[in-house]
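For reference, the structure is listed below as structure tokens.
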């Protein structure tokens with residue numbers, strides 16, 4: 001799996017690392033849903049750290065599409081929610097249907 005961190009790099013993750021990324025992503029979504037800024041910031045930092053520590057940077061000369069894209073550490077909960085709403089409206093969020101027009 002290829003994961004991009006906005007304003008950073010792309011990382012190649014092993015299948016075994018994907019389980020932890022999924023778990024942390026679920027926790028991140030819960031923090032957004034519950035409007036919990038502290039949990040959001042802590043979970044995002046943990047998630048990005050995990051990707052950086054367990055992933056292998058994709059060389060810049062290698063062009064590959066990303067399976068997942070995560071925001072950078074400085075994104076606010078409100079910005080993350082807006083990004084998720086826009087992605088859901090476009091049908092780009094796994095497990096969510098496109099928003100009704």
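Number of residues in segment 34-52 that are exposed (fewer than 12 other Cβ atoms within 10 Å of the Cβ) and under 15 Å from the mean Cα position of the chain (by Cα) equals 1. When 31, 38 are screened for being at negative phi and free of Cβ contacts under 8 Å to residues at least 40 places away in the same chain, only 38 passes. For segment 63-95, a residue qualifies if it is part of a loop (DSSP other than H, G, I, E, B), modelled with pLDDT of 85 or more and more than 14 Å from the chain's Cα centre (by Cα), and the qualifying residues are 63, 64, 65.
Within segment 61-72, can you find the residues that are touching a strand residue (DSSP E or B) at 6+ places or on another chain (Cβ under 9 Å) and without any contact (Cβ under 8 Å) to a residue 60 or more places away in the chain? Lay out the reasoning, then the answer.
Our first condition is that a residue be touching a strand residue (DSSP E or B) at 6+ places or on another chain (Cβ under 9 Å); within segment 61-72, this holds for 62, 64-72.
Across segment 61-72, the qualifying residue is only 62.
In this structure, does residue 20 turn out to be farther than 18 Å from residue 6 by Cα and either touching a strand residue (DSSP E or B) at 6+ places or on another chain (Cβ under 7 Å) or at pLDDT below 90 (or both)? Judged against the criteria, residue 20 is not a match.
If we scan segment 42-54, do we find a residue that is modelled with pLDDT under 95 and in contact with a helix residue (DSSP H, G or I) (Cβ under 7 Å, 6 or more places away or on another chain)? Scanning segment 42-54, I find no residue that is modelled with pLDDT under 95 and in contact with a helix residue (DSSP H, G or I) (Cβ under 7 Å, 6 or more places away or on another chain), so the answer is no.
The values are calculated or read from the model by the stated rules, or taken from the named source; none is laboratory data. Fair warning: this is a prediction, and the values are worked out from it, not measured in the lab. Positions of Cβ are backbone-derived with ideal geometry, glycine not excepted, and every protein chain shown enters the neighbour counts.
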